[in-house]
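Worksheet: the structure to be examined is printed underneath.
The values are calculated or read from the model by the stated rules, or taken from the named source; none is laboratory data. Just so it is clear, the structure is predicted and the values come from calculations on it, not from any experiment. All Cβ positions, even for glycine, are placed from backbone atoms using ideal geometry, and neighbour counts span all protein chains on display. The protein model used for the area step is the full one, side chains on, heavy atoms only, and it has no ligands, DNA or RNA in it. Shrake-Rupley method; radii C 1.70, N 1.55, O 1.52, S 1.80 Å.
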Amino acid sequence: MPKSCRAPHCSNAAGQPRPFARRLSFYKFPLQDAARLRQWLAHMRQENWVPTRHQHLCSDHFEPSCFQYRWGVRYLRPDAVPTIF
């Protein structure tokens, strides 16, 4: 099953053609970090929803400062919180 973004009103899914500069990546919810998970859900306005380990948010919902690059690979910073909805 392809990855798709769980953010409200977002239809991004893995495999969609996009320019390299606007490439998508998908990130799992921080289920093991309760405080950070609450922040993610609050910004999504989904405080009463509980994500599963199989659900993701796409990179479109994170500011550029939320990413770090190592060896040409984009990683989500450990303290990143999505703010673009």
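Computed values, structure above
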{"quantity": "Residue in the range 21-29 that is modelled with pLDDT of 90 or more and over 15 Å from the mean Cα position of the chain (by Cα) present", "calculated": "no"}
{"quantity": "Boolean, Lys28 is in contact with a Gly (Cβ under 9 Å, 6 or more places away or on another chain) and touching a residue at least 24 places away in the same chain (Cβ under 8 Å)", "calculated": "no"}
{"quantity": "Those residues of the range 24-78 which are under 17 Å from Pro2 (Cβ atoms), open to solvent by 80 Å² or more (accessible area, probe 1.4 Å) and part of a loop (DSSP other than H, G, I, E, B), in sequence order", "calculated": "Arg53, His54"}
{"quantity": "Single residue of the range 1-22 satisfying the filter (in contact (Cβ under 8 Å) with a residue 24 or more places away in the chain and open to solvent by less than 80 Å² (accessible area, probe 1.4 Å)) that is farthest from Thr83 (Cα to Cα)", "calculated": "Ser4"}
{"quantity": "Lone qualifier among Arg36, Arg45 - being over 12 Å from the mean Cα position of the chain (by Cα), at positive phi and touching a residue at least 24 places away in the same chain (Cβ under 8 Å)", "calculated": "Arg45"}
